[in-house]
Every structure is written in C-alpha cells, then in structure tokens.
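A short write-up of the structure that comes next.
The values are calculated or read from the model by the stated rules, or taken from the named source; none is laboratory data. All values derive from a computational prediction rather than experimental measurement. Here Cβ is always computed from backbone atoms with ideal geometry, including for glycine, and neighbour counts include all displayed protein chains.
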Amino acid sequence: MKTLSKIAIISTSTLSAVLAFQIVPAAPVKSAPGDAARSIAPYFAPATSVPKKPAADGFLQRWLLLEPINKPNRSNTVFTDSYVRNTFNTEFFPNQFTVIPHNGDKVKVGDQELEWHALDSSNWNVKLFRFAYGLNKPVYAVIFWAVTVVNSPRDIENVRMAVGSNSASIWWLNGKETVDLFGDRRMVMDDSVSKRVTLHKGPNVIRGAVINGPGMSDFCVRFIDGNGQPIKDLTLNLESGGK
C-alpha cells in the first residue's frame with residue numbers, strides 16, 4: 001500500500017508539472033529590425049518635372065538610378081584599371097552608353113529585371129547603399145548605373161568634373177570618358193578631377209557606373225571652375241535629354 005501511495009503521489013506530481021508547463025504562455029516574438037518595411041526615404045524623394053538647381057556647394061542631386069546589377073566580388077582589391085574597364089564595357093543592357101531612360105523604364109540583365117528610378121538625393125552625395133537597401137535589392141557585390149542631364153545657360157569652357165565614389169567608378173560627359181576612379185576607396189569629395197572640359201549651352205548628359213563588393217556605396221559629382229569654385233548656375237531636368 002505504501003508503495004502504491006508513493007507511485008500515486010509521484011504520478012500526481014508529474015502530471016501537475018506537465019500541466020503547469022503546458023499552460024505557461026509563450027513569450028511574444030519580437031520582430032527583427034530588418035523585418036520592418038524598408039524605404040528609400042529620407043535619403044531620396046521622387047524627382048519632379050520642375051528643373052532643379054545644384055546644391056549649395058554645386059553637387060548634382062537629381063539622378064536616374066538603375067537598380068543594382070549583381071556582380072559577385074568578395075573584395076574590392078580587384079578593382080584595377082583593366083578589371084573595371086573590362087567590366088563596364090560588358091553590355092549589360094541595350095544602349096547602356098547612349099540611353100536616356102525615364103522613370104519606371106525596365107531592362108533585363110541576365111535573369112534580373114531592373115527598373116530605373118528618377119530621384120532627388122536629400123544629401124549632397126548619392127547614397128547608393130540606401131537606395132538598394134530601401135528597395136530590398138542586393139547591397140553588396142553590385143554595379144550601379146546613373147544618368148543625369150545638366151542644362152547650361154551658355155557654353156562654359158575650362159570647367160572640370162569633380163567626382164568621389166565608393167568604390168571604383170567611371171564617368172562620361174556627353175559620351176566621352178571624363179573621370180575614372182579605380183581601386184578600393186571611400187568616397188571623398190572631389191577625389192578625382194577631370195581635365196578641362198566644356199559644358200555646352202543646353203543639355204549635357206552625364207553617365208556613371210559604380211562597382212562595389214563589400215561595404216557601403218555612394219558617389220558625389222559637381223563641376224568646378226579654374227579656381228576650384230563650384231559652378232551653380234546650372235539646372236537638372238531629366239526630361240530634357242533628348243531636346
């Protein structure tokens with residue numbers, strides 16, 4: 001009897017413990033920061049049809065940006081002159097050196113369907129990492145293409161295009177290669193400055209390609225005069241490129 005009593009006590013205790021375990025409410029699952037809805041705000045706003053002046057220091061803030069193209073690279077040390085040139089000379093999409101896209105245009109690059117976005121940067125530099133992250137696109141091991149149209153009220157001779165980028169990049173003015181930056185680098189204002197060029201009266205097309213492996217991606221572009229002062233009597237209008 002004593003043995004049976006002990007078994008009954010043990011069984012009752014075990015059952016109570018099991019029931020107690022079952023009725024304990026589960027702790028609420030907290031959402032990870034990355035689960036929140038992503039957005040390109042506050043880094044970008046949609047571009048409008050109203051011409052936009054450069055920033056106070058002359059930096060160009062209105063751009064057509066293509067969603068990032070996948071280009072696997074484990075390190076930025078491979079971004080030599082020859083590597084970057086060979087990569088950018090690859091045809092990723094039709095007319096990549098001549099097209100002036102419109103907001104919402106799409107291109108096919110391999111198995112990727114990518115869209116162009118007409119945007120105004122809220123900062124003097126264009127934060128490509130935030131652009132890609134906000135659109136839930138790849139942020140590392142990618143290539144970004146950028147296009148803008150600079151309208152000049154007159155012919156302006158002996159100006160220089162000044163560019164900074166993270167990481168390597170090449171920039172073209174009216175179809176001619178004008179600035180290049182190679183190697184693993186951080187974006188620095190006026191990191192590379194072109195030879196003297198002429199901004200023609202009317203629209204001038206700037207095209208750039210930026211490649212990065214790991215790390216952040218961004219760029220900044222402006223025009224400076226012979227004294228290194230920014231040229232600000234320009235306007236940006238993405239709809240005027242074909243005029």
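Would you check which residues across segment 82-92 are in a loop (DSSP other than H, G, I, E, B) and in contact with a strand residue (DSSP E or B) (Cβ under 7 Å, 6 or more places away or on another chain) and list them? Give the steps one after another, and end with the answer.
Step one: list which residues in segment 82-92 are in a loop (DSSP other than H, G, I, E, B), which gives 89-92.
F92 - this is the single residue of segment 82-92 that is in a loop (DSSP other than H, G, I, E, B) and in contact with a strand residue (DSSP E or B) (Cβ under 7 Å, 6 or more places away or on another chain).
Name the residues in segment 147-160 that are acidic (D, E) and assigned to a strand (DSSP E or B), would you?
Passing the criteria: only E157.
Any residue in segment 106-122 that is in contact (Cβ under 8 Å) with a residue 24 or more places away in the chain and over 12 Å from L64 (Cα atoms) sitting within a Cβ distance under 9 Å of a residue that is outside any strand (DSSP E or B) and of a type in the set (V, I, T)? List the pairs, counting only those 6 or more apart or interchain.
Close Cβ pairs (under 9 Å, with a partner that is outside any strand (DSSP E or B) and of a type in the set (V, I, T)) amount to V107/V99.
Yes or no, residue by residue, for (1) out of contact with any Lys or Arg (no Cβ under 9 Å at 6 or more places or on another chain); (2) of a type outside the set (A, V, I, L, M); (3) surrounded by fewer than 17 Cβ atoms within 10 Å (Cβ to Cβ):
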position	(1), (2), (3)
V107	yes, no, no
M161	no, no, no
S165	no, yes, no
I170	no, no, no
V210	yes, no, no
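If you go through segment 67-81 one residue at a time, how many are in a loop (DSSP other than H, G, I, E, B) and under 22 Å from V107 (Cα atoms)?
The first filter runs over segment 67-81 and keeps only residues in a loop (DSSP other than H, G, I, E, B), leaving 67-68, 71-75, 79-80.
In the following step, the residues that additionally are under 22 Å from V107 (Cα atoms) were identified as 67-68, 71-72.
Residues meeting the conditions: 4.
Applying the selection to segment 64-85, what residues are under 16 Å from A141 (Cα atoms) and not β-branched (V, I, T)?
Quick first cut of segment 64-85, residues under 16 Å from A141 (Cα atoms) only: 66-80, 83-84.
Scanning segment 64-85 gives L66, E67, P68, N70, K71, P72, N73, R74, S75, N76, F79, Y83.
Against the condition aromatic (F, W, Y) and either over 16 Å from D218 (Cα atoms) or in contact with a His (Cβ under 7 Å, 6 or more places away or on another chain) (or both), how does W172 come out, does it pass? Walk me through how you get there before you give the answer.
Values: aromatic (F, W, Y): yes; either over 16 Å from D218 (Cα atoms) or in contact with a His (Cβ under 7 Å, 6 or more places away or on another chain) (or both): yes.
So W172 fits the description; yes.
Looking only at segment 43-60, which residues are under 14 Å from the mean Cα position of the chain (by Cα) and either among the charged types (D, E, K, R) or more than 22 Å from K106 (Cα to Cα) (or both)?
Residue satisfying the conditions is Y43 alone.
For segment 92-105, what are the residues that are farther than 19 Å from K71 by Cα and surrounded by fewer than 12 Cβ atoms within 10 Å (Cβ to Cβ)?
Residues of segment 92-105 that are farther than 19 Å from K71 by Cα, as a first pass: 95, 98-105.
N95, T98, G104 - these are the residues of segment 92-105 that are farther than 19 Å from K71 by Cα and surrounded by fewer than 12 Cβ atoms within 10 Å (Cβ to Cβ).
Only one of (1) at pLDDT 95 or above; (2) among the β-branched types (V, I, T); (3) loosely packed, with under 10 Cβ neighbours inside 10 Å is not met by T48, so which one is it?
(3)
Just name the residue that is nearest to the chain's Cα centre (by Cα) out of those in segment 205-227 that are touching a residue at least 24 places away in the same chain (Cβ under 8 Å) and part of a loop (DSSP other than H, G, I, E, B).
Narrowing segment 205-227 to residues touching a residue at least 24 places away in the same chain (Cβ under 8 Å): 205-226.
Next cut, part of a loop (DSSP other than H, G, I, E, B) only: 213-217, 225-226.
On the way: G213: 13, P214: 13, G215: 12, M216: 9, S217: 6, D225: 28, G226: 30 Å.
Applying the filter and picking the extreme gives S217.
Condition check ((1) in contact with a Ser or Thr (Cβ under 6 Å, 6 or more places away or on another chain); (2) more than 19 Å from S82 (Cβ to Cβ); (3) assigned to a strand (DSSP E or B)) across all residues:
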position	(1), (2), (3)
A162	no, yes, yes
I170	no, no, yes
E177	no, no, yes
D180	no, no, yes
D184	yes, no, no
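The rows are residues; the columns are (1) more than 30 Å from I231 (Cβ to Cβ); (2) at pLDDT 95 or above; (3) in contact with a Pro (Cβ under 9 Å, 6 or more places away or on another chain).
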| site | (1), (2), (3) |
| --- | --- |
| G34 | yes, no, no |
| F93 | yes, yes, no |
| H102 | no, yes, no |
| V107 | yes, yes, yes |
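Would you confirm whether or not segment 137-147 contains a residue that is buried (at least 21 other Cβ atoms within 10 Å of the Cβ), at pLDDT below 95 and closer than 30 Å to A37 by Cβ? Break it down into steps so the answer makes sense when it comes.
Looking only at segment 137-147, we keep the residues that are buried (at least 21 other Cβ atoms within 10 Å of the Cβ), and these are 142-147.
So of that shortlist, the ones also at pLDDT below 95 come out as none.
No, segment 137-147 contains no residue that is buried (at least 21 other Cβ atoms within 10 Å of the Cβ), at pLDDT below 95 and closer than 30 Å to A37 by Cβ.
Within segment 190-204, can you find the residues that are part of a loop (DSSP other than H, G, I, E, B) and within 21 Å of N125 (Cβ to Cβ)?
D190, D191, S194
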